[in-house]
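Note sheet for the following structure.
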Amino acid sequence: MEVRLATFDEVRDAFRQKDLKQSLYDEGGVVMAGVLLTLHGDEHRSRRRLENRLFRRDTFRRYEHDLVADIISGTLAPFVAGGRADLVQVAYRVIMNLTALIAGLDRAGTVEETESLLRYTKLFSVGATLAHSTRDHDEVRAEVAAGLAEFDAEFLRPSVERRRKLLDQVAAGALAEDALPPDVLTTLLRNEDDLDLPPDLILREVAFYLQAGSHSTANAFTHTMHELFGWGAAHPDDLGRARADRLFLQRCSHEALRLYPASPVALRVALAPVRLRTGREIGAGDAVVLDLMAANRDPAVFGADAAAFNPRRPLPDGVAPWGHSFGGGTHACIGAELDGGLDPAQTRDDPATHLFGTVTTLAAAVLDAGVRLDPDRAPVLDPDTSRPHFGSYPVIFESALP
């Protein structure tokens, strides 16, 4: 039996139920089998506890303040100089470079290498979200499996070999602990025996981190800019404010995240009978659909205009401005603060040290470059997925115009 949950409160309750097991990525097992996001119970707790050491707030601040700005400026510069770009391509390149660093892939920095890694990132994203692909699923699986083998030889194996040598040097006392790269791959290699991590699983885990961060963040950024363009046309003062006020721009990105979660639904399967606080009964073995798109647009929580973009929207106490887009419970997104930053309403950070998140930081960079819609080319949705993501988003940069 299928049970669909579409209200904000029922989805929040369901996320907290330990007997509802993640099942959204079962179809995409070619990439997702055995990775952190698909685990449950003790196995999930052990892996999450291990990888959480990397995903601390101070680490995110170091990434944002020391690394993200340089990655954005280096990636964006040739597009700005040329006067036009596709925001989907810009976003993927920026986020891919950041997630490759976090995942633990060594880079030479060539153009050819970047294009190759971008191809793998997009391919793995297609494999992970296979449940929503409009293409033949077996054909996609074969392409992804071949891509994983090529990625292993081109990127992962050399990165593994270097880290094993470093780990041996640390074990021998010839190298200090802090000389090890602070990335997912190093963490997995140090614990592969304790957690029973064979090479094929390490391959999928690294591929998962590479695609998950790139795919979700790139789409969140593109939706943010799309909604901001629309809102700014009707509220020009707010468009000016978004350019000048980073906290207001972050509020715009949070509102776009609410409207467009990375996946419109989350899927669970009930391992035992579950009774929600509303009295809804879920039987053992039931398939549970958590309709995130509907829950994030619940008028009872977000008001009568819940389906519309409104960065000035008042929020009830205890409700995150991004709704359920980062999940909840034990499977809440491990990189949520890197992606969306912190909710200003819940912190009293100095704006100089506040965590804005990669989406807002990238949006600020393109606004500073005078980004606006390309009058000759319209945005196009991705035809290969049922998810409401853009396949192309052409823009021009006024700062480069003569």
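No lab work stands behind these numbers, since they all come straight from the coordinates. Everything numeric in this text was worked out from a predicted model, so none of it was measured. Reconstructed Cβ throughout: ideal geometry from the backbone, glycine too, with neighbour counts over all protein chains shown.
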Rel. contact order, % - alpha carbon contacts under 8 angstrom, at least six apart, the chain: 28 percent
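Largest first and in whole Å, give the semi-axes of the chain's equivalent ellipsoid, each being the square root of 5 times a Cα gyration tensor eigenvalue. Display every interim value, and only then the final one.
On the way: eigenvalues 190, 168, 87 Å².
The three semi-axes for the chain are 31, 29, 21 Å.
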Label-point separation (nm) for ALA69 and GLN169, each offset 7 Å from Cα along Cα-to-Cβ? 3.1 nm
Just to be sure I follow: if Rg is taken over the C-alpha atoms of segment 210-368 and Rh is the Kirkwood radius over the same atoms, what is Rg/Rh? 1.01
Rounded to the nearest 500 deg cm²/dmol, what is the calculated helix-only ellipticity per residue at 222 nm for the chain, with -39500 (n - 2.57) per DSSP H run of length n ≥ 4? -15500 deg cm²/dmol
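Between the DSSP loop rule and a limit of at most 11 other Cβ atoms within 10 Å, which GluC sites (Glu not before Pro) in segment 168-251 are left? Working shown, then result.
Values: sites: GLU177, GLU192, GLU205, GLU227; in loops: GLU192.
In loop regions of segment 168-251 (DSSP not H, G, I, E or B), there are no sparsely surrounded GluC sites (Glu not before Pro).
For segment 142-224, compute Rh as the Kirkwood radius over C-alpha pairs and then the Stokes-Einstein diffusion coefficient at 37 °C and 0.692 mPa s; write the answer in µm²/s, rounded to an integer.
Working: Rh = 14.4 Å.
Value of D from the Cα-based Kirkwood radius: 228 µm²/s.
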Could you check the simple spin-label distance between HIS235 and ALA308, using points 7 Å along Cα→Cβ, in nm with one decimal? 1.0 nm
Considering only LEU130, LEU167, ALA142, whose Cα is most displaced toward the positive end of the charge dipole of segment 128-167, charges sitting on Cβ of Lys, Arg (+1) and Asp, Glu (-1)? LEU167
What order, most packed first, do the peptides 159-167, 380-388, 210-218 have when packing is the mean number of other Cβ atoms within 10 Å of each residue? 210-218, 159-167, 380-388
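Compute the convex hull volume of the Cα atoms of segment 352-402, divide it by the residue count, and report the result per residue in Å³ as a whole number. Don't skip to the answer; put the middle values down first.
Working: hull volume 4.8 nm³, N = 51.
That works out to 94 Å³ per residue.
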FRET efficiency for ARG84 and ARG4, Cβ-Cβ distance as r, R0 = 41 Å, nearest 0.05? 0.45
For segment 33-235, the Debye formula with one identical point scatterer on each Cα and no solvent gives log10 I(q)/I(0) at q = 0.10 Å⁻¹ as -0.48
What is the spin-label model distance, in nm, from ARG16 to THR330 if the labels are put 7 Å beyond Cα along the C-beta direction? 1.6 nm
